[in-house]
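One structure below.
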Amino acid sequence: MFKKKSNRSLLLIFILTIIPLLRWFVIAPANKFVDLGLISTSFGQMSGLAGMVLFSVALILSNRSKWLDKAFGGLDNAYANHHILGGAAFTLLIFHPLLLVVRYARISWANAASLFFTNDFPVLLGIIGLGLMMILLYLTFFVKDKISYQVWKTTHSILPLALFFGGLHSFLIPSSIFYDQFLRIYILGLAIIALLLTGYKIANERLTKRKLEYVVSKVTHLADDVIEVELLPQNESLKFSPGQFIFVKFKGEGIASEAHPFSISSGIFDKSLKLAIKVLGDYTAVLNKDLKEGMAAEIEGPYGQFSIASGKADEIWVAGGIGITPFLSMARSLNKNEFNVDFFYSFKGGKDAIFLDEFFKIAKTNEKFRVFSWCSSDQGKISCRSINEIKEVKSKEIFLCGPGPMMEDLKSQFLSYGVPAENIHFEKFNL
Ligand SMILES: Cc1cc2nc3c(=O)[nH]c(=O)nc-3n(C[C@H](O)[C@H](O)[C@H](O)COP(=O)(O)OP(=O)(O)OC[C@H]3O[C@@H](n4cnc5c(N)ncnc54)[C@H](O)[C@@H]3O)c2cc1C
């Protein structure tokens, strides 16, 4: 069902993008495609219009909100579309001036250069907006892995300013579009909506978004690089569905004041809220070392639609490494499940098989829940073929959580075994 919702949202984005292009086709002048200069100008205008719509929509999709979570079948999916649309907007907006300049270049190179070296205010707004966008998205596409997540996030948060300049540019620039009120208002209006939503998001996060206060009641080291954290509510407890995740900000000496996403690993009947946290970078390394009982934690959420299709047909769960956490919550919450669940847990070596004993214990008390462990250092990578030899996969709902490449790999394998795309569900650990 949530795939359908996501498709509906994508259709809406497509319609939003096509509307100004259709409008552009019907407005004057009629001779838009008669020679090379006009053809490239026309494509330049179209790429500018579509690029601005997609830029606005990409910004809207970056908001951390429950309605996006629902509309896209999970925040991770909304963010994945945010990345794709941001990339598409970036490409279209780069082509916008390049195509427009062709008409000037046909007269002379000096004429072409005059388009960029100008003191014309609306053109300058466009150049500043595009320049800012190019620098910031270069960091996202080519440097993100080399800088810390927080530094990248700070640079990324300047992008609305680029949209602001771009919106004003398209409203003020004297071109054939300038004389069409509908197009001017449409493009500026979408940019304003995106900017207002972003402003609202920031204010809401800082001032009003409800955060629940918890306190760390226990920290257990499960492996060198994994801790289990138990949290107790100070006042109200979080209501969640198994498989969902939260943003947590721990408050303690030496711990940066940042909200990070973690899947809830406790069951819905447990008294404490549990998380299992693996060291991945700076923040999680500090938690591993310094997180102590008695420290406060601020919790926001829950988010995620991972298990929404659960309980509707026989299921196959596949976890890789720390991707175990949402399944832990789902298994701990199983009561009298009507449908069969076959759980495949892949880990590198024996010492990495955290919580395996607990899964076997749950399986002993629940005949419809079966556990299959997969040690990849002995057995190689887990594959759809090996799963299918144990359980026929075709008619099942598949749930995957693990490292990105493993999920991509398994997804295409399940598809090639005839599992419909809408029966394959992911939880991605990167937003
Ligand atoms: C939905 C979801 C559920 C998750 N559940 C778990 C879990 O149960 N157990 C677990 O160990 N890990 C989980 N993670 C991953 C965890 O959030 C990252 O490992 C952690 O934030 C890394 O922070 P770092 O500073 O140590 O590493 P860094 O090296 O700074 O970050 C590594 C990567 O983690 C992501 N990341 C970092 N900071 C943030 C942030 N503030 N917000 C969003 N993404 C961020 C980015 O993709 C980044 O590239 C989950 C992630 C997501 C998105």
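Of note:
- Total residues in segment 393-422, condition more than 20 Å from the chain's Cα centre (by Cα), surrounded by fewer than 15 Cβ atoms within 10 Å (Cβ to Cβ) and in contact (Cβ under 8 Å) with a residue 40 or more places away in the chain: 1
- Flag if G37 is touching a Ser or Thr at 6+ places or on another chain (Cβ under 6 Å) and modelled with pLDDT under 90: no
- Segments classed as helices (runs of 4 or more DSSP H), wholly inside segment 334-392, with at least 3 members that are open to solvent by 50 Å² or more (accessible area, probe 1.4 Å) and modelled with pLDDT of 95 or more: 356-365
- Residues (touching a strand residue (DSSP E or B) at 6+ places or on another chain (Cβ under 6 Å) and open to solvent by 20 Å² or more (accessible area, probe 1.4 Å)) located in segment 303-320: A313
- Residue list for segment 381-425, filter: out of contact with any helix residue (DSSP H, G or I) (no Cβ under 6 Å at 6 or more places or on another chain) and within 16 Å of the ligand (Cβ to nearest atom): F399, P403, G404, P405, M406, M407, E408, H425
- Filtering K274, K239, K312 for residues that are closer than 27 Å to G73 by Cβ, at pLDDT 95 or above and basic (K, R) leaves a single hit, K274.
- Criterion (under 13 Å from the mean Cα position of the chain (by Cα), of a type outside the set (K, R) and assigned to a helix (DSSP H, G or I)) met by exactly one of L85, L93: L85
- Leading residue by the ranking (nearest to I39 (Cα to Cα)) among those in segment 95-114 that are crowded, with 16+ Cβ neighbours inside 10 Å and of a type in the set (V, I, T): V102
- Within segment 395-426, the set of residues being farther than 18 Å from D342 by Cβ and acidic (D, E) comprises E408, D409, E422.
- Condition check for P326: open to solvent by 50 Å² or more (accessible area, probe 1.4 Å) and within 14 Å of the ligand (Cβ to nearest atom): no
- Residues of segment 149-184 satisfying the condition of being outside any helix (DSSP H, G or I) and open to solvent by 50 Å² or more (accessible area, probe 1.4 Å): S157, I158, P174
- S265 vs. criteria of a type in the set (S, T, N, Q) and within 11 Å of the ligand (Cβ to nearest atom): yes
- The set of residues in segment 100-136 being in contact (Cβ under 8 Å) with a residue 12 or more places away in the chain and small (G, A, S) consists of G126, G129.
- Segment 261-289, residues that are open to solvent by 40 Å² or more (accessible area, probe 1.4 Å) and over 21 Å from V151 (Cβ atoms): I268, F269, D270, K271, K278, K289
- Only listed residue being away from the ligand (no atom under 14 Å from the Cβ) and open to solvent by 40 Å² or more (accessible area, probe 1.4 Å), chosen from K239, K249: K239
- Applying the condition of being open to solvent by less than 20 Å² (accessible area, probe 1.4 Å) and of a type in the set (A, V, I, L, M) to segment 55-89 and asking which residue is farthest from S170 (Cα to Cα) yields L75.
- Qualifying positions in segment 115-147 - under 14 Å from P97 (Cβ atoms), of a type outside the set (V, I, T), open to solvent by 80 Å² or more (accessible area, probe 1.4 Å) and assigned to a helix (DSSP H, G or I): F116, M134
The values are calculated or read from the model by the stated rules, or taken from the named source; none is laboratory data. As the structure is a prediction and not an experimental result, all values here were calculated from the model. When we count neighbours, we look across all protein chains shown, and the Cβ atoms used for this are built from the backbone with ideal geometry, even at glycine. Surface areas here come from the heavy atoms of the whole protein model, side chains and all, with no ligands, DNA or RNA. Shrake-Rupley method; radii C 1.70, N 1.55, O 1.52, S 1.80 Å.
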